[in-house]
Amino acid sequence: MEGWDPSTKSTLTQIPLLTTKAGPRDGAPWTQRLKEEYKALIAYTQMNKSNDNDWFRISAANPEGTRWTGKCWYVHNLLKYEFDLQFDIPITYPATAPELELPQLDGKTQKMYRGGKICLTVHFKPLWAKNCPRFGIAHALCLGLAPWLAAEIPILVDSGMIKHKDDATSSIES
Amino acid sequence: MEVELKETIDELESLKQSLTDPSYRYPIDKLKLRVERLAKFGNSGPLRRSKVKDMSAEVVDSNPYSRLMALQRMGIVQNYERIREYSVAIVGIGGVGSVAAEMLTRCGIGRLLLYDYDKVELANMNRLFFRPEQVGMTKTDAAVQTLSDINPDVVLESYTLNITTVQGFETFMSSLKNKSFSPNKQGSGVDIVLSCVDNYEARMAVNQACNELNQTWMESGVSEDAVSGHIQLLIPGETACFACAPPLVVASGVDERTLKREGVCAASLPTTMGVVAGLLVQNTLKYLLEFGQVSPYLGYNSLKDYFPTMEMKPNPQCSNAACLQRQKEYLLAKPARDAAAKAKMEAEASSSAEGPLHLDNEWDISVVDDDEPEGIDIKSSAALPEGLTRELPSADEFHTTPEAPDSAIDDIEDLRRQLDALNSS
């Protein structure tokens, strides 16, 4: 965990750790794992809201909890940039982390694999491997997606690759 | 069409002969020339060879298999034509997988199963196999197009799916189990699975499927900096599975800091990928046609032209439950394996040696087979007496610790509702 900023570190310590090592093909243990995933996500979302740092919405897109969809956003120069967020729970979960996708940014940055999968190889995968099965979706968002957005969005905005929705259309922000 | 054009030429000729006025001859000659050109153009179009029933060793220009069948004449392969009975599954039809597929197609493999969910892009043109006009096609469709042209004898099955998702994995498993191509085959419906994917998640999915199906497979990989690669043979229970230990990488042998470039996820070279595909298919041919030595692990460091090899025993504490099951079976089958090896050695001895090689053996020297290690784990090399098995952990290391009886909600629907409420507030 060297090289991580203190606030990420303190947030991380407050997200409940998971205990059940089960993937989507494991039946009842997977349901147990899913409960733990929910508990961690609820705790993390609550924490973000109370710290005025709300930055994503995520919910299961199917009853089995193997596909998740939602949104995430990042504020840069006082403007909010919002993106669709989606991922599947791989069959080898939790040995392998979910591959977080931002489909709207597909092809706009080098730090991304096709289909909009963000590149997590260096900053996140080793951490996930080390902490299997204690890390879950909430940890992947906190340690995988959040730092990626913080590193990439300013560059994408400044280089003109993405535009704020108010610049693109004349619509008024709600 | 060819016949019609020829008839037109003949008719024009007879028309010319029947005309008395010579002034018409010139336009008729011109017309005839034109038709002849058209006929020639039609002939130069793509020619598809027809299927070949038996592989012939006859050395003629028109035999697509003469150079392969020559392997028998040279004494390299006992029975080359067996290749037509084999099925190979290739997962990932990228820079390595597509080239491996082409090599096996040209070798006349019986059946190829191809898996990929990606499309061909212009950015793939620095690698071999795919052509610019195939941009936008799925890699599986484009591969089937090219491969069926090259060798129509190969049975091609293509699956456009992502094997790491729940649904994709189910289709992947059932396609491997399907035995319609060779109903009498033991085990699964394929002889070997070749993993040519570019990420850890997909490798772990192939590993999971092969451990569950007890399916021998080979893993291949090219480093993200494009200068090294490796191939690895994985026999469930007998060799280390992909989850037994963190994956190995071939060190480039130069200062890492001079190689890593911030912000670029992967580089690729047609050379490194071609070399790795060649090593992979060579090992596959040796495995299927039983010649030479099949490498358990072969690395390739292109910067120093260094090829490390090694062998890996399974990890008795592997986190993969199916791997542990296969290890247990492999250990239990040891007496039978030993008996078979002994019988084979005795049969060879009785057929070859009439008498003892050395009449006197003052020091009582004997040759001992040290091929098979006594223990399954290289770390605890304490030899096990024959017939005894090591007690392997059968459960995962992580047990579900019963939830502390706090008053927290433990119903999945309640939890879902709670998250939804947070999401909408």
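The values are calculated or read from the model by the stated rules, or taken from the named source; none is laboratory data. Bear in mind that the values here come from a model prediction, so they are computed numbers and not experimental data. Cβ sites come from the backbone with ideal geometry, for glycine too, and all protein chains shown count toward neighbours. Accessible surface is based on the protein model in full, side chains and every heavy atom, while ligands, DNA and RNA are left aside. Shrake-Rupley method; radii C 1.70, N 1.55, O 1.52, S 1.80 Å.
Leaving out ligands, DNA and RNA, and with a 1.4 Å probe, what % of the accessible surface on segment A:6-165 is carbon or sulfur?
Whole-percent figure for carbon plus sulfur exposure: 53.
Running Debye on the protein assembly as shown with equal point scatterers at the Cα sites and no solvent, what base-10 log of I(q)/I(0) appears at q = 0.06, 0.13 Å⁻¹?
Each listed q corresponds, in turn, to -0.44, -1.48.
In nm, what is the difference between 0.36 nm times the number of residues separating A:Asp167 and A:Trp73 and their Cα-Cα distance?
So the extension gain works out to 32.2 nm.
Using 1/(1 + (r/R0)^6) with R0 = 25 angstrom and r between the beta carbons of A:Ser7 and A:Thr121, what's the FRET efficiency to the nearest 0.05?
Here the calculated transfer efficiency is 0.60.
Distance between the C-alpha centers of segment B:82-152 and segment A:16-31? Whole Å please.
37
Antiparallel DSSP bridges in the protein assembly as shown: what percent, to the nearest 5?
65
Measuring with a 1.4 Å probe in the full set of protein chains, what accessible area per residue, in whole Å², belongs to segment A:6-165?
40
Give me the summed buried accessible area for the B-A pair, 1.4 Å probe, to the nearest 100 Å².
3600
Give, to the nearest whole percent, the P(r) tail of segment A:6-165 beyond 20 angstrom, counting all Cα pairs.
So the portion of pairs separated by more than 20 Å is 49 percent.
Report, to one decimal in Å, the Kirkwood hydrodynamic radius for segment A:29-100 based on all distinct Cα pairs.
Computed over segment A:29-100, the radius equals 13.5 Å.
Using protein chains only (no ligands, no nucleic acids) and a 1.4 Å probe, work out which residues of segment A:1-31 have their accessible area cut by at least 30 Å² relative to the chain alone.
Flagged in segment A:1-31: A:Thr19, A:Lys21, A:Arg25.
Packing-wise, with mean Cβ within 10 Å as the measure, how do A:60-66, B:187-193 rank, highest first?
B:187-193, A:60-66
Quick one: ranking A:Phe124, B:Phe181, B:Phe291 by accessible area, 1.4 Å probe, largest first, what do you get?
Highest to lowest solvent-accessible surface, that is B:Phe181, B:Phe291, A:Phe124.
Estimate the FRET efficiency between B:Ala123 and A:Ala151 by the formula 1/(1 + (r/R0)^6), using the beta-carbon distance for r and 22 Å for R0, to the nearest 0.05.
That pair, B:Ala123 with A:Ala151, gives E of 0.45.
Give the Cα extents of segment B:66-337 along the principal axes, in whole Å, largest first.
So the extents along the principal axes, rounded to whole Å, are 53, 45, 45.
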